[in-house]
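Below is one structure, written out as C-alpha cells; the observations come after it.
The values are calculated or read from the model by the stated rules, or taken from the named source; none is laboratory data. Please read all numbers here as calculations on a predicted model, not as lab measurements. For neighbour counting, all protein chains shown are included, and Cβ atoms are generated from backbone atoms with ideal geometry for every residue, glycine included. Surface areas here come from the heavy atoms of the whole protein model, side chains and all, with no ligands, DNA or RNA. Shrake-Rupley method; radii C 1.70, N 1.55, O 1.52, S 1.80 Å.
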Amino acid sequence: MSFAREKDLRSAGGSVAVAEGQLAVKSPRERILIAARDLFYRHGVHAVGVEAIAETALTNKMTLYRHFKSKDELIVTYVQQLANEGDDILNRILAENADNPQKQVDAWVDFVEDVLTNKLERGCALANAAVELDTGHPARAVIEAYKQRKHDRLVGLFRAARYRDPDLLADEVFLLFEGARISIQCGGKGPASRVVGMLRGLLSSRPRLAEA
C-alpha cells in the first residue's frame, strides 16, 4: 500500500471503496468487510442493510451470514478493525521516533494535521458509529476501550516529553482533536482547520519539568 493511500485510509477512518475488479480477487469475508466499511462510513451503520452490503461485496446474504452471524456481529468486527488500525498507526508514529519523545509529539500532531485536512474526512468512523449504537451494543465497548486507550497513550507520550500535568494536557488535546472531527461531520471544516495551530500553540506554551 502506498503512503498516500495509507494516509487516505487512516484519515478517513472508514471509506475503503475498491473497484469491482480488485474486489473480485479477495475472499468473501474480505469483500464483505470492505463493503461494510465503505457503506457504514458513508451512510451510517443503521442506514445500511445486509442486502446492500452483500451486493456491494459481490456476494449474497447467505454467504454474509456464514461469516457473520448477524449484522451486529459485522458491526463489532468493523469497529474492532478500525480500532486495531488506530493502534497500529500510533505504534508506528512512536516507533519511528522512539529515542526522542518531543519528535513523537511533533509526529503525532503532523498526523492530526493529515487527518483534519484530508479530503475524505467525514469525521471519526468510530465516533460516528458510537452515536448510532445503543449503550449496550457490544461494539460500543470496543469503541470506548479504544478511545480510553488512545487517551492513556497520549498521557504517556506527554509524560515522556516531560510536560507538567500530562493528564490534563491529554484531556485538552484529546478534546480538541475529537471535537474537530465532530465539527467536520457537522459541516464545520472552518473551525477544524484551525485546530492544528491551536494544538501547536497549546503544546508550546505548556510548562515542562526540568531535566534531571
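Miscellaneous remarks
- Checking each residue in region 96-141 for being of a type in the set (Lys, Arg) and either touching a Ser or Thr at 6+ places or on another chain (Cβ under 9 Å) or crowded, with 21+ Cβ neighbours inside 10 Å (or both) picks out LYS119, ARG122.
- Scanning region 124-146 for residues that are over 13 Å from ILE75 (Cα atoms), modelled with pLDDT under 95 and touching a Leu at 6+ places or on another chain (Cβ under 8 Å) yields a total of 0.
- Residue count for region 19-48 under the criterion of being of a type outside the set (A, V, I, L, M) and in contact (Cβ under 8 Å) with a residue 12 or more places away in the chain: the result is 11.
- If you check ALA130, ALA192, ALA161 for being closer than 25 Å to ASP99 by Cα and hydrophobic (A, V, I, L, M, F, W, C), only one passes: ALA161.
- Pairing each residue of region 164-186 that is without any contact (Cβ under 8 Å) to a residue 60 or more places away in the chain with any residue that is small (Gly, Ala, Ser), provided the two are 6+ apart or on different chains, yields C-beta distances under 7 Å for GLU178/ALA127; ILE182/GLY123; ILE182/ALA127; SER183/ALA192.
- Residue in region 188-197 that is open to solvent by 20 Å² or more (accessible area, probe 1.4 Å), at pLDDT 90 or above and farther than 22 Å from HIS46 by Cα present: yes
- For ALA170: the one exception among (1) open to solvent by less than 70 Å² (accessible area, probe 1.4 Å); (2) modelled with pLDDT of 95 or more; (3) on the phi > 0 side of the Ramachandran plot: (3)
- Checking each residue in region 67-117 for being in a loop (DSSP other than H, G, I, E, B) and either under 30 Å from LEU133 (Cβ atoms) or not acidic (Asp, Glu) (or both) picks out PHE68, LYS69, SER70, ASN97, ALA98, ASN100.
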